[in-house]
Amino acid sequence: MPVPKPIRQNSQSGWPTLCALCKGWGIGQSPTALLRPTPKLSSRPKARFCAAVERSPYSLSSTAAQPQVPRDFSPGSHRATKKRALAPGVCSPRRAPKLSLLKVLAALCLLVTTSAHAKPKQPPPETRLSLETLGFPGVSPSVLNQGGSMLTMNFVDSDHLLVTYSMRGLLPRIEGDPADDQDRMVAALLVELPSGKVLDRTQWRLHDYGRYLWSLGEGRFLLRIQESLSTFAPLANLSSGRTFERTVFPHRTGALQTLVVSSDHNLVTVETSRPQPHFDPAAALKAQAAAAVYAARPHFTPNAGEPPPPPPPPPPVHDDTAHVTPVVIEFFRISGAGTRESPLQSEQIGTLVSPTVLALPVDGDGYLHPLAQTHSGWQIAFHPYSSKEIPLAPIDTSCSPNVERVSPSQIVSLNCRGASGSTMLVAYDFAQHDMWEEPLPTSVQPPEFALAPIAGRFAISRIDTVEDQPSPQGVPETTTTQEVRVYQTQTGDLLLKIDCNPVFRSEENFDLSPDGMRVAVVRSGNIEIHHLPELTKLDREDLAELQKLAPPPHTGPIDLNKLFGVEQASTSAAFAAQSAVVTASGDSQTARPRPTLLNPGEKPEFQDKNNPNH
């Protein structure tokens, strides 16, 4: 059956919008028209339909006993279109009071008319902490536009925040400091919620404006200072007075190209490269001329006891591959609480060599890989390291999808629809079902996610550029906005939608607490803490059902051979073919036996003297 259409904004007439609204909620249709096959999650269709009506912002039933969630009734802020079974039947009078169709239509018409002209209202926060009180000096718009990492905010647990920011002031001189370094001091504060009390603080000296902090989950963090990495756990060491004590994170030496922490915090990917010698044509010609002069000069026999004159240095050999810098990609698994009794440890579980930096869709349990591209989109699958492949529902998109694993058994994808390029946020489970979808405004850069799998929730931040009215000089002006939304993963309920200002292109100015009950955003010089509604009984039952679809957790080495379509690990062949392949942990390589026509156990009649082993 056709999926209920989302509400569309129509400036010419309110009737088509109202009709779409009525059809979307089943008004004026027979109950059987709302049926469609869905996964096992819909075991109580009547209760789910009633709950859906109660949770809807357009519901007219009484919800005094339910937690009040701030709602934004502006066009496009409606609840996501659900692709779930809706069974025939009438809800109980307590959940859905009987109203005449005329009253329902009149109320909906009034709602659509007022919401079309209403300005979106931001929900009030639970707590508001002043950044100025915490010591943040502010940041210039030019640095923000360049995407520098100037402010970070991460939940340590549900009641503590780690806030870091770039400071202003004079820096002590360091002997031998490179002239091209961009040194700065960064302050780190452990803040208690909701009081805003600073429990401890420290400072770090950084040498650039790139990203320097990543959350490893469970109150653990990874810090980058130039090319060195270290880990720390502030809350676990607070009582011992070693709040910001760091442990070295060992990795391959070289220039750090990128660092990625998987969405489940179980895998850390470090990509490094070693600069290759640069070929200078002018220096090569000069060396060749010096060699020619040396060869043409008369050779004098040195006197007894005198050493012969030294030959000129050989000219550099031009190599077409000298400018290609191989990238070594290492995969680590993190363990330990971060205390001296349980120190943070990193275990290398695989390496990979590539001619360029890669963005791999991997995490601690497996990886996503495409099976085929169809005329309407992509067919992808999730490949666990320790079990068989899990095919997913086809992704209907006209562009390359942006896929994120938001729970152990669910992914979301940002898809394009049609020539207009409109974006849809679509959720899929591991039982080959598309669960819900939500239209989103276009974005100028990939989104950032913050996950709370234990509560089945995720937050998504997206940056958009909106063209305003032309200025008096006739030049159109643009405004950059950043919006954060929080969804219930299994149902698509929009729990919170809020704008961030100023816009941080690094998108480190928001986070979702590990238990999924709080959201932190930076707005107007403050850190706002918003409380989210508690999980309902239906939400907990849905989470338990979805957990059954999750692949088993993986603790051994990772194998990405299928992702690259190779059967044998060979880094040298990969680099020669300009494609990445997987090697075993470490740098040692096992030579493959040469092909032969001899039967097993049969010895060759003649033996190669240059290679006695063959």
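The values are calculated or read from the model by the stated rules, or taken from the named source; none is laboratory data. Worth saying up front: this structure is predicted, and the values here are computed from it rather than measured. Cβ atoms come from the backbone with ideal geometry, glycine included; neighbour counts cover every protein chain shown.
Taken over the range 172-216, the criterion of being in contact (Cβ under 8 Å) with a residue 40 or more places away in the chain and among the β-branched types (Val, Ile, Thr) is satisfied by Val191, Val198, Thr202. For the range 359-400, a residue qualifies if it is within 19 Å of Asn561 (Cα to Cα), more than 20 Å from the chain's Cα centre (by Cα) and β-branched (Val, Ile, Thr), and exactly one does: Ile390. Taking the range 265-284 as the range and being among the aliphatic types (A, V, I, L, M) and either at pLDDT below 90 or on the phi > 0 side of the Ramachandran plot (or both) as the test, the residues that pass are Ala282, Ala283, Ala284. Looking only at the range 210-257, residues that are of a type in the set (Lys, Arg) and not in a strand (DSSP E or B) come to 4 in all. Of the set (1) touching a Cys at 6+ places or on another chain (Cβ under 8 Å); (2) closer than 20 Å to Gly456 by Cα; (3) not aliphatic (A, V, I, L, M), all apply to Thr491 but (1). Condition test on Gly254, is it farther than 24 Å from Glu507 by Cα and without any contact (Cβ under 8 Å) to a residue 60 or more places away in the chain? No: the conditions fail for Gly254.
Listed here are the residues, each with its yes/no results for (1) surrounded by 19 or more Cβ atoms within 10 Å (Cβ to Cβ); (2) in contact (Cβ under 8 Å) with a residue 60 or more places away in the chain; (3) basic (Lys, Arg).
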site	(1), (2), (3)
Thr374	no, no, no
Lys388	no, no, yes
Ser407	yes, yes, no
Asp429	yes, yes, no
Gln432	no, no, no
Glu438	yes, yes, no
Ile454	no, yes, no
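Looking across Leu144, Leu161, Leu171, one residue alone is touching a Lys or Arg at 6+ places or on another chain (Cβ under 8 Å) and surrounded by 15 or more Cβ atoms within 10 Å (Cβ to Cβ). It is Leu144. Being within 21 Å of the chain's Cα centre (by Cα) and part of a loop (DSSP other than H, G, I, E, B): is that true of Val403 here? Against the criterion (within 21 Å of the chain's Cα centre (by Cα) and part of a loop (DSSP other than H, G, I, E, B)), Val403 does not qualify.
I need the full set of residues from the range 334-372 which are among the charged types (D, E, K, R) and surrounded by fewer than 19 Cβ atoms within 10 Å (Cβ to Cβ), in order please. If the condition is that a residue be among the charged types (D, E, K, R) and surrounded by fewer than 19 Cβ atoms within 10 Å (Cβ to Cβ), then Arg340, Glu341, Glu347 are the ones that fit.
Looking across the range 406-431 at every residue that is assigned to a loop (DSSP other than H, G, I, E, B) and of a type in the set (A, V, I, L, M, F, W, C), the one that is farthest from Pro552 (Cα to Cα) is identified as Ala419. Of the listed requirements (1) part of a loop (DSSP other than H, G, I, E, B); (2) in contact with a Phe, Trp or Tyr (Cβ under 6 Å, 6 or more places away or on another chain), Leu368 misses just one: (1). With the condition kept exactly as written, say whether any residue in the range 376-383 is over 20 Å from His433 (Cα atoms), in a loop (DSSP other than H, G, I, E, B) and without any contact (Cβ under 8 Å) to a residue 40 or more places away in the chain. No; the residues of the range 376-383 include none that is over 20 Å from His433 (Cα atoms), in a loop (DSSP other than H, G, I, E, B) and without any contact (Cβ under 8 Å) to a residue 40 or more places away in the chain.
Of all the residues in the range 231-248, those that are surrounded by fewer than 16 Cβ atoms within 10 Å (Cβ to Cβ) and modelled with pLDDT of 95 or more number 0. For the range 527-540, the criterion of a residue being among the charged types (D, E, K, R) and without any contact (Cβ under 8 Å) to a residue 24 or more places away in the chain is satisfied by at least one position. The listed residues are Phe155, Phe136, and the only one of them that is surrounded by 15 or more Cβ atoms within 10 Å (Cβ to Cβ) and either of a type in the set (Val, Ile, Thr) or in contact with a Lys or Arg (Cβ under 8 Å, 6 or more places away or on another chain) (or both) turns out to be Phe155. Flag: Val412 does not match the condition of being in contact with a Ser or Thr (Cβ under 6 Å, 6 or more places away or on another chain) and either under 20 Å from Thr489 (Cβ atoms) or surrounded by fewer than 16 Cβ atoms within 10 Å (Cβ to Cβ) (or both). With respect to being closer than 16 Å to Glu508 by Cβ, within 28 Å of the chain's Cα centre (by Cα) and of a type in the set (Lys, Arg), Arg224 fits the description. Every condition in (1) modelled with pLDDT of 95 or more; (2) touching a Gly at 6+ places or on another chain (Cβ under 6 Å) is met by Tyr209 except one, and the failing one is (1).
Residues that are outside any strand (DSSP E or B) and buried (at least 16 other Cβ atoms within 10 Å of the Cβ) within the range 183-209 comprise Leu193, Gly196, His207, Asp208, Tyr209, listed in sequence order.
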